[in-house]
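The values are calculated or read from the model by the stated rules, or taken from the named source; none is laboratory data. It should be emphasised that the depicted structure is a prediction, and the values quoted were computed from it without experimental measurement. Neighbour counts are summed over all protein chains in view; Cβ atoms, including those assigned to glycine, are modelled from backbone coordinates with ideal geometry. Note: areas computed on protein heavy atoms with side chains; ligands, DNA, RNA excluded. Shrake-Rupley method; radii C 1.70, N 1.55, O 1.52, S 1.80 Å.
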Amino acid sequence: MVLQRKEFLLLHQLLSQPGRVFTREKLEQVLYGWDESAESNTLEVHIHHLRRKLFPELIKTVRGVGYRVDKA
């Protein structure tokens with residue numbers, strides 16, 4: 001399995017603090033910084049790809065807030 005650069009950055013951020021909910025804004029900042037802008041659904045596309053490549057249940061959606069990875 002090969003992860004794209006942005007997928008790796010996203011997964012790394014989510015795994016850095018298991019159980020913490022990361023907002024969309026925080027994750028977009030990690031992926032794109034202040035210089036780049038993202039399309040409205042880019043983050044969801046990256047999450048979708050990670051779920052497909054890994055385990056679908058690994059990344060949880062916290063409706064209206066963001067995403068998290070549960071503690072082991």
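Kindly evaluate Lys6 against the criterion of being of a type in the set (Lys, Arg), out of contact with any strand residue (DSSP E or B) (no Cβ under 9 Å at 6 or more places or on another chain) and not in a loop (DSSP other than H, G, I, E, B). It is true that Lys6 is of a type in the set (Lys, Arg), out of contact with any strand residue (DSSP E or B) (no Cβ under 9 Å at 6 or more places or on another chain) and not in a loop (DSSP other than H, G, I, E, B).
For the stretch 39-62, the condition of being open to solvent by 70 Å² or more (accessible area, probe 1.4 Å), at pLDDT 95 or above and assigned to a strand (DSSP E or B) holds for at least one residue. Summed over the stretch 4-24, the residues that are open to solvent by 70 Å² or more (accessible area, probe 1.4 Å) and under 23 Å from Lys71 (Cβ atoms) give a count of 5. For the stretch 1-38, filtering for residues that are at pLDDT 90 or above and of a type in the set (Gly, Ala, Ser) leaves 2.
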